[in-house]
1. Looking at segment 71-85, which of its residues are of a type outside the set (Val, Ile, Thr) and assigned to a strand (DSSP E or B)?
2. Which residue pairs have Cβ atoms closer than 7 Å, lie 6 or more positions apart in sequence or on different chains, and pair a first residue in segment 79-96 that is touching a residue at least 12 places away in the same chain (Cβ under 8 Å) and acidic (Asp, Glu) with a second residue that is surrounded by 14 or more Cβ atoms within 10 Å (Cβ to Cβ) and in a strand (DSSP E or B)?
3. Examine segment 45-65 for a residue that is surrounded by 14 or more Cβ atoms within 10 Å (Cβ to Cβ), at pLDDT below 95 and within 15 Å of PHE172 (Cβ to Cβ), and state whether such a residue exists.
4. Before we move on, is GLU74 among the charged types (D, E, K, R) and over 24 Å from VAL15 (Cβ atoms)?
5. Are any residues in segment 121-146 assigned to a strand (DSSP E or B) and either surrounded by fewer than 16 Cβ atoms within 10 Å (Cβ to Cβ) or not β-branched (Val, Ile, Thr) (or both), and if so, which ones?
6. So which of ARG174, ARG117, ARG68 ends up being in a strand (DSSP E or B), within 16 Å of the chain's Cα centre (by Cα) and of a type in the set (Lys, Arg)?
Amino acid sequence: MPEKPSRPGSAHSTVTVRTSPGDRLKALVRFGPLVLPAALGRGGVSSFKREGDGCTPRAVMAVLGGFRRGGMLEPGRCGLALSRTGTSDGWCDAPAHAAYNRQVRLPFPASHETLTRTDALYDFGFVLDWNISSRRRARGSAIFLHLARPGYRPTEGCIALSRRDMLRLMPFLRRGTTVRVV
């Protein structure tokens, strides 16, 4: 019997991400009746995610929180409050640093990603629990659900949706919503 979609606010909401037939760098994201195209990491999907490999982890990851570019209006409907990011917000991707796979304040001495970008990829994003709750060096960092590049070009390991589709999915995303990459 097919799994019934969870209602918004349900503690057991699951977003399923499956590789697209014919293109291992793209995916179909399903939540209930919604089926949305997405981009995956440049390395495809892997059960053995490592820092810098460009792979999207094959995993079940909870949504831990969300963010939006400072100055962007909060969408009218979103399942959780989005924190504002500014030019001093980054994410550490240096495996040897104590702040590995954590949000950091910029300037930051170790390798990091800037959360305020010149493109629109991080206008809205959701932090997925990959290597955060149980952190291990070099297992990968900064795995987000964020906005896609034109043509769904590959990410560095994240899952990326078009702005229109992200806005359709956002009302259903809550802290603890499960994102299952299969």
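1. Going residue by residue through segment 71-85, those that are of a type outside the set (Val, Ile, Thr) are 71-84.
Selection gives LEU82, SER83, ARG84.
2. What qualifies is ASP89/GLN103; ASP93/HIS112; ASP93/GLU113.
3. Looking for residues that are surrounded by 14 or more Cβ atoms within 10 Å (Cβ to Cβ), at pLDDT below 95 and within 15 Å of PHE172 (Cβ to Cβ), one finds none in segment 45-65, hence no.
4. Against the criterion (among the charged types (D, E, K, R) and over 24 Å from VAL15 (Cβ atoms)), GLU74 does not qualify.
5. Taking segment 121-146 as the starting set, the residues that turn out to be assigned to a strand (DSSP E or B) are 124-128, 144-146.
Hits for segment 121-146 are PHE124, GLY125, PHE126, LEU128, PHE144, LEU145, HIS146.
6. Working: ARG174 fails: in a strand (DSSP E or B); ARG117 fails: in a strand (DSSP E or B).
Unique residue meeting the criteria: ARG68.
The values are calculated or read from the model by the stated rules, or taken from the named source; none is laboratory data. Keep in mind that what you see is a predicted model, and the values were worked out from it rather than measured. No Cβ is skipped: glycine too gets one built from the backbone with ideal geometry, and neighbour counts run over all protein chains shown.
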